[in-house]
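Values in this text are rule-based calculations from the coordinates and carry no lab data. Predicted model only: the values in this text are computed from it and were never measured. With ideal geometry, Cβ positions are generated from the backbone for all residues, glycine too; neighbour counts draw on all protein chains shown.
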Amino acid sequence: KAGVTQTPRYLIKTRGQQVTLSCSPISGHRSVSWYQQTPGQGLQFLFEYFSETQRNKGNFPGRFSGRQFSNSRSEMNVSTLELGDSALYLCASSLGGAAGGQETQYFGPGTRLLVL
Amino acid sequence: AQSVTQLGSHVSVSEGALVLLRCNYSSSVPPYLFWYVQYPNQGLQLLLKYTSAATLVKGINGFEAEFKKSETSFHLTKPSAHMSDAAEYFCAVTSRRGTSYGKLTFGQGTILTVHP
């Protein structure tokens, strides 16, 4: 089975721009979670989508948004980029079944975003 | 709310020595606990997880961890370190609660260095 894929792998943007990152989960997985990783704040949960619905959300401003498509692929969007948005953005997929939190999340390689 | 504390941001061991990475958690409900490893420029890979079955959990690459409820700990160990174990390790917690769906709460990470 192919793993979680994320595109693009690297991205450079300037302040004020917006960016869209894409995540393709493992085949058969219906849950996609997004995380931001920075040296200062570590790994922080952004949001989770299951069956095209946002099921859970972390403490990030409204500039961070996401969506999920019927094939479970997910995108996240950051509008009005700030310098502090420079980070590695990781997505993870899981089956999303009734087992809830005990399911393993499988991570993609991440998209490294640099905001200048 | 749930939280994880990893004691020691850097741990250095000699090849062949015992590896001990410490993780303490805080959770008001029964937790699910995970250890992930991250190699440079890669995503996170699951080492092992505790989901309320056996308290001693064996994972990949010779790692294991023991869930100790009385100490709220889930320390990661490996009897003999290899050079290839050099990486950053993350402890994470979640729960069965709906508010935790898709959400892993991570510790700050421990960078493991292995000396020849």
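At a glance:
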quantity	calculated
For chain B, radius of gyration divided by Kirkwood radius, i.e. Rg to Rh on alpha-carbons	0.96
Distance (nanometres) between label positions extended 7 Å along Cα→Cβ at residue A:71 and residue A:10	2.8
Dipole in debye (nearest 20) - the protein assembly as shown, about Cα centre, beta carbon charges: Lys, Arg +1; Asp, Glu -1	500
Student exercise, chain B dipole from Lys, Arg, Asp, Glu Cβ charges, in Debye to nearest 20	480
Simple label model, 7 Å out from Cα along Cβ direction - residue B:60 to residue A:44, nm	2.9
Between the range A:33-83 and the range B:43-83, the Cα center-to-center distance that results, in Å	28
Check: the range A:16-116 dipole with +1 on Lys, Arg Cβ and -1 on Asp, Glu Cβ, in debye	80
Using a Förster distance of 35 Å, the FRET efficiency for residue B:97-residue A:80 (Cβ separation, nearest 0.05)	0.60
Mean projected area in nm² (Cα convex hull; one quarter of hull surface) for chain A	6.8
Radius of gyration and Dmax over the Cα atoms of the protein assembly as shown, both given in Å	17.5, 50
Cβ-Cβ FRET estimate between residue A:1 and residue B:84, R0 fixed at 25 Å, reported to 0.05	0.55
Peptide-level mean, for B:41-47, of C-beta atoms on other protein chains within 10 Å	6
